Amino acid sequence: MSNHYLAPRRIHFAHGSSKSRKVISAILDALDHRVELVTESGDTLIQRALNDHPDLIIAAPRLSDMDGIEAMIRIGETHPIPGIIIASTDDLDQVERAMEDHVMAYLVEPITVDTLRPAIYLAERRFKHFQSLTDRIESLQTQLEDRKVIERAKGLVMKAKGMTESEAHRFLQSLAKQQRKKIAEVATVMCDSEPIDVP
């Protein structure tokens with residue numbers, strides 16, 4: 001078993017039931033995790049998570065002031081953090097919705113050491129995979145936007161200087177090298193200039 005699997009995490013935990021809060025907090029303590037927040041309030045969970053950025057959030061759907069799934073979604077929209085939903089059998093209809101958002105794993109009560117430990121590891125692994133996919137998508141989107149602005153700038157150069165497409169591209173490359181910038185940065189400045197400025 002890897003050291004990471006057993007490593008302590010900084011955890012924020014929210015549950016509407018005082019009995020469940022006590023039992024699950026004791027399990028987390030037994031697993032040597034640092035439970036830095038135990039609350040019944042979704043609003044408290046959101047505020048603390050966005051300020052403190054724990055390693056993991058565990059919440060029940062039914063909190064004293066809001067839906068715990070909604071709290072996780074709101075946290076994830078600002079600062080994504082791995083999350084586990086602790087559901088009762090009556091909450092299972094919400095689990096599918098939870099898994100479509102910012103929740104990486106769920107457990108059905110009663111919770112035990114043997115169910116919670118692997119769930120934490122699974123949530124973190126799924127979160128890392130999700131983040132890597134998100135980063136890849138963002139990179140591809142940036143590349144696509146860069147390509148669009150470079151094509152626009154090439155069109156401006158071709159029109160202003162009577163160049164072919166390949167000549168205009170080499171011109172932009174040369175300009176970027178002179179200015180020690182990326183070609184997309186040079187192209188963006190050129191496209192945003194009013195009036196159009198082609199050196």
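The values are calculated or read from the model by the stated rules, or taken from the named source; none is laboratory data. Every value quoted in this text rests on a predicted model; they were computed, and no experiment measured them. Note that each Cβ is placed from the backbone with ideal geometry, even for glycine, and that neighbours are counted across all protein chains shown.
Points worth noting:
- Close contacts from region 5-23, counting a first residue that is surrounded by fewer than 19 Cβ atoms within 10 Å (Cβ to Cβ) and assigned to a helix (DSSP H, G or I) and a second that is aromatic (F, W, Y) and at pLDDT below 95, with Cβ to Cβ under 7 Å and a gap of 6+ residues or different chains, come to Y5/Y121.
- Residues satisfying the stated conditions in region 135-170, i.e. surrounded by 10 or more Cβ atoms within 10 Å (Cβ to Cβ) and either of a type in the set (F, W, Y) or not in a helix (DSSP H, G or I) (or both): M163, T164
- Selection status of R117, under 30 Å from I85 (Cβ atoms), outside the structural domain of A59 (by TED's automatic domain parsing), in a helix (DSSP H, G or I) and within 19 Å of the chain's Cα centre (by Cα): no
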